[in-house]
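K.L.:
Before I ask anything, here is the structure I am working with.
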Amino acid sequence: MVRFVLTRLLRALITIAAVVTFAFIVLRMSGDPAQVMLGPDVPQEAVEAFRHAWGLDRPLWIQYLAYVKSIFTGDFGVSMRDKAPAIDLVLERVPATLQLTIPALILKLLIGVPAGVYAALHRQSFADRGVILMAILGFTIPSFVMGLILMLVFSVMLGVLPSGGQDTWMHGILPTITMSIGGIGILARFSRSAMIEVMGQPFIRTASAKGVKWHDVVWGHALPNAAIPIVTIVGFMVGSLIAGAVVVESIFSWPGIGRLLVVSVTNRDLAVVQCILLIIAAAMVVSNLIVDLLYGWLDPRLRARLAH
Amino acid sequence: MKPLIEARNLVRIYEMRKKLFGDALPVRAVDGVSLSVLPGETLGIVGESGSGKSTLGRMLLGIDPAQAGDVLFEGRPMPTPHSAEWRALRARMQLVYQDPLAALDRRLTIAAQIGEPLEIHRIGSREDRAARVRELMAAVGLRLDQAGRYPHELSGGQRQRAVIARALAAGPSLLVCDEPVSALDVSIQAQVVNMLRDLQEKNDIAMVFISHDLKVVRNIADRVAVMYLGKLVEEGSSDTIFRTPHHPYTQALVSSVPVPGKRLQGRVILQGEPPNPAARPSGCAFHPRCPLASGICRTKTPELRRIEAGRTAACHALTGDGAMAA
Amino acid sequence: MSSADLTDTRPTPHPAFAFVARLRRQVPLSVGLGVLWLAAMVLVAASADLLRPYGITVMDLTSRLAPPGSPGHWLGTDELGRDVLSRLIQSIRVSLVIAFGATIISAVFGTALGFAAAQFRGVVEHLVLVLADFQAALPFLIMSLAVLAFFGSSMTLLVCLMGFYGWERYARIARGLAISASAQGYAASVVQLGATPARVYFRHILPNVASTLIVSMTLTFPEIILMESGLSFLGLGVQPPETSLGNMVGFGREYLTTAPWIMLAPAAVIMLTTLSISLVGDWLRDKLDPTIR
């Protein structure tokens, strides 16, 4: 059991180390940041001074070590644009993003999974077809289109919801809905097929043949088994949540880290980009780790094997 | 006559993990086996599962590497597995498996697969190859109109015939057959075995026939070698082994072969656990189950020694060492 | 009684009708429509130069923000007077070319790595698996944004970047199937015939693996379209003067209220295309996998 946890932890650490190295390599390979920042017709001495100020003229591996050290001390550099520490800029926007992503995740779970399960239990009914249709629409309509359409309908035509900014809680409704719709569709479709597969297994037939009440067959036997693949998918969705936040925040001018990322990329503000990249990577690795451990605990076969 | 293929003191060791967190346990699948096969001769190798006979067959072909000992083919040592030389040598020696369905690619017609060795070894022109495929199909008893069929469209016996035809395509001088008929119906078994014998005689092919089924081996082999837990325990001509088995293990095996029309009598029933290569008994590996076991059998491993003309056996009781007190 | 020659006196249907009838039985309507739409899109992409009524940068300043149905501009014009239909046609070509190129790059790259992992095992396999984990760990959008930030958005870079999308899926599939192929025996028996590893992979393993890989490609293709559209929408993908579907939606965003057609036309194309490919891909997968009910 300990070995299982340790190997997962080790893999997580290796992944984080890989991301850090990746960020560093990409950063340095992309050309001279000083040149980029300052523009082409700046005199050479100014460029040199800038480079020296940012430590860009030391040997590469020294830069790498300094980089790693600075990451661990929480120093991600200073935003080239705002002259403020990158980490502060990022951290102050994290709550805003969480305000969207957490309700979106909850919505996806609360609506997506039951819809999928219901559809699986009532095959060929209107509800089933309806769920499939909504699911398909959910994942083929890109989030930016969905966001714009919702904005068009609710802000412009109906005027009931605001379209930008973060002033009141009403402002969060459209972004959250936009973020969840795609995921609800995917989750519903996936829960449906996972449930269908479980229900088709011989042990379900045996259970109902034994006389177990249908209600108990579903809740006691089918759902726990279907939960395993569903949990894995939910784990993957955390990643897409963050990606979704990028687009949605840009559309609705929501001041979260997604929007900050886009702005920084457009402005080539590399310190901030790095910082966001690493924070997101860390969040992903942690959530994957949690899902891995959860998976190991949920699946009794794994649990039994690990107990030796 | 010089032997076509000769194995000297072959040893093959697997590393087997007992538990997820346990230490690696070395398993001696083949433990010091020497034998030779003359051109055109059929050597039968019999034993239970776990005796190492399949591994031995693969080592003879050079598919499995030997941890000790060597194999000489036509007097030359076997090249490293999967090297270019080894690949070229495949035209001279082939393996016929137990499960023909697994050995065939389900996406290709059997004619394409039978002709594949000709393509690989670049034998003959396009027309020559097509003619040869037809020739081979006729030789194994497949109808020409089956050429365009896929493996899953044929019966088990037909598939095995296709596999044999493919093995013979490049004209090998050695055929190693590893339980080639065990997966087939009994009635088909006889047909395929007879076909193998005819093909062998017509093309002067040496054969190593590995099986746990003594009835079949008796039918086709000139000489028989009996294996137990990685070692040879007895070797001799097919007739003499079956008529007068000497080694206690061979006696037990032979006594279990039913003879049509007669009741089974004098069957030797072995006590003890079936052989487990991972937990090899000390001394003579057979001693826990041997009715003739004595003290020396527990401590000293018997060597394969000549007990008559053309017969060798590894048993203390046979070679007179059993006279030592327990 | 001679042979039972009960001659069928009905006229034999024209082979074309028989084919269509068989098709209608085997293929659901939605999938059929999907295939038709995709064929249309491919046709448009291939003959974009011929179909375009105007160049994509041609500005007709006299009729800016003209609604669809205006004379000479079937889908209207945008704020600079550029014909929406022409830009749409060109965008279809650009987006499809990028998605197609990226899918192929990713499939070839992923399959090759998967086969390498299966063939060489050991260190190579560990390396490939670690890379695959790494790829799966980060959301692709975030990673692309980072790369684009550092390297800028040229077309070749974009295609190469998109080419990294989903390679790990092909790698895992290829590796798994290659390993089971060797274990299963048909690959092992061809090796034993004396075939070189190249022959084993190209003549035997790849054809057996191809159908699963192709289904995987149909599933990744729409995701790449969405990914590229998203990046272009944010202004970081395809850069002007080139135009792509996402690009057009991004530009049309400002005129959402006044001229929604600028945004709706490309959005509709994106949706219908991804929908079609998903339907066709799902159907293909169900057809090829007998275990799914």
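K.L.:
Compute the angle between helix B:156-168 and the longest alpha-carbon principal axis of chain B, please, reported from 0 to 90 degrees and rounded to the nearest 10.
P.N.:
80
K.L.:
Let me ask another. Any idea how far the Cα center of segment C:116-181 sits from the one of segment A:136-159, in Å?
P.N.:
Value for the Cα centre distance between the two parts: 32 Å.
K.L.:
Could you do me a favour and compute the accessible area per residue for chain C, 1.4 Å probe, result in Å²?
P.N.:
48
K.L.:
Could you work out how far helix C:122-137 tilts from the main Cα principal axis of chain C, as a 0 to 90 degree angle to the nearest 10?
P.N.:
That helix lies at roughly 30 degrees to the long axis.
K.L.:
In segment C:223-241, what residues drop by 50 Å² or more of accessible area when the other protein chains are put back, versus the chain on its own? Use 1.4 Å, and skip ligands and nucleic acids.
P.N.:
C:Leu226, C:Phe233, C:Leu234, C:Leu236
K.L.:
Additional query: Beyond a 32 Å Cα-Cα separation, which of these cross-linked pairs lie in this structure: B:Lys53/B:Lys300; A:Lys213/C:Lys287; B:Lys2/B:Lys215?
P.N.:
In this structure, A:Lys213/C:Lys287 lie more than 32 Å apart at Cα.
K.L.:
Can you send over the carbon and sulfur percentage of the accessible area for segment A:221-274, probe radius 1.4 Å, protein chains only?
P.N.:
Its accessible area is 69 percent carbon and sulfur atoms.
K.L.:
Based on the alpha-carbon gyration tensor of chain C and its eigenvalue square roots a ≥ b ≥ c, which shape applies: rounded if a/c is under 1.5, prolate if not and a/b is larger than b/c, or oblate?
P.N.:
oblate
K.L.:
Could I ask something else about it? Report the Cα centroid-to-centroid distance between segment B:54-100 and segment B:176-235 in angstrom, as an integer.
P.N.:
19
K.L.:
Now for a different question. Rounded to a whole number, what % of the accessible area of segment B:218-304 do carbon and sulfur atoms account for, probe 1.4 Å?
P.N.:
50
K.L.:
Sticking with this one: Give the average, rounded to an integer, of partner chain Cβ atoms located within 10 angstrom of each Cβ in A:143-153.
P.N.:
The per-residue average across the peptide is 5.
K.L.:
Next question. Roughly how far apart, in whole Å, are the Cα centres of segment C:256-285 and segment A:216-273?
P.N.:
22
K.L.:
Would you mind computing, in nm to one decimal, how far apart the modelled labels at A:His52 and A:Ala282 are, each placed 7 Å from Cα along Cα→Cβ?
P.N.:
Computed distance between label sites A:His52 and A:Ala282 equals 3.3 nm.
K.L.:
Would segment A:173-308 count as rounded, prolate or oblate if I go by the C-alpha gyration tensor, calling it rounded below 1.5 in a/c and otherwise prolate when a/b exceeds b/c, oblate otherwise?
P.N.:
oblate
K.L.:
Taking the DSSP beta bridges in chain B as the whole, what percent of them are antiparallel, to the nearest 5?
P.N.:
60
K.L.:
Now a separate question. Can you list the residues of segment C:120-140 that have at least 10 square angstrom less accessible area with all protein chains present than in their chain by itself, probe 1.4 Å?
P.N.:
Residues losing area: C:Val130, C:Asp133, C:Phe134, C:Ala136, C:Ala137, C:Leu138, C:Pro139.
K.L.:
How big is the A-C contact in terms of buried accessible area, both chains counted, 1.4 Å probe, rounded to the nearest 100 Å²?
P.N.:
3600
K.L.:
On to the next question. Using only the alpha-carbon atoms, how far is helix C:261-288 inclined from the longest principal axis of chain C? Give it as 0 to 90 degrees, nearest 10.
P.N.:
Helix C:261-288 and the main axis of chain C meet at about 10 degrees.
K.L.:
What is the percent of Cα-Cα separations in segment B:222-326 that go past 23 Å?
P.N.:
So the portion of pairs separated by more than 23 Å is 27 percent.
K.L.:
Once you have a ≥ b ≥ c as the square roots of the Cα gyration tensor eigenvalues for segment A:90-157, tell me rounded if a/c is under 1.5, and otherwise prolate or oblate according to whether a/b is larger than b/c.
P.N.:
Note, shape of segment A:90-157 comes out oblate.
K.L.:
Given a 1.4 Å probe, how much area per residue of segment A:77-188 is accessible, in Å²?
P.N.:
Ligands and nucleic acids excluded, the figure is 48 Å² per residue.
K.L.:
With a point put 7 Å past each Cα toward its Cβ, work out how far B:Ile123 is from B:Ser255 in nm, to one decimal.
P.N.:
Output for this residue pair reads 4.7 nm.
K.L.:
Can you list the aspartates and glutamates whose alpha carbon is less than 14 Å from that of A:Lys83, not counting same-chain residues fewer than 8 positions off?
P.N.:
Within the straight-line cut-off, A:Lys83 pairs with A:Asp75, A:Asp269.
K.L.:
Please give the per residue accessible area of segment B:41-145, computed with a probe of 1.4 Å over protein heavy atoms only, in Å².
P.N.:
44
The values are calculated or read from the model by the stated rules, or taken from the named source; none is laboratory data. None of these values were measured; they are calculated from a predicted model. Cβ sites come from the backbone with ideal geometry, for glycine too, and all protein chains shown count toward neighbours. Keep in mind that these areas ignore ligands, DNA and RNA; they rest on the heavy atoms of the full protein, side chains included. Shrake-Rupley method; radii C 1.70, N 1.55, O 1.52, S 1.80 Å.
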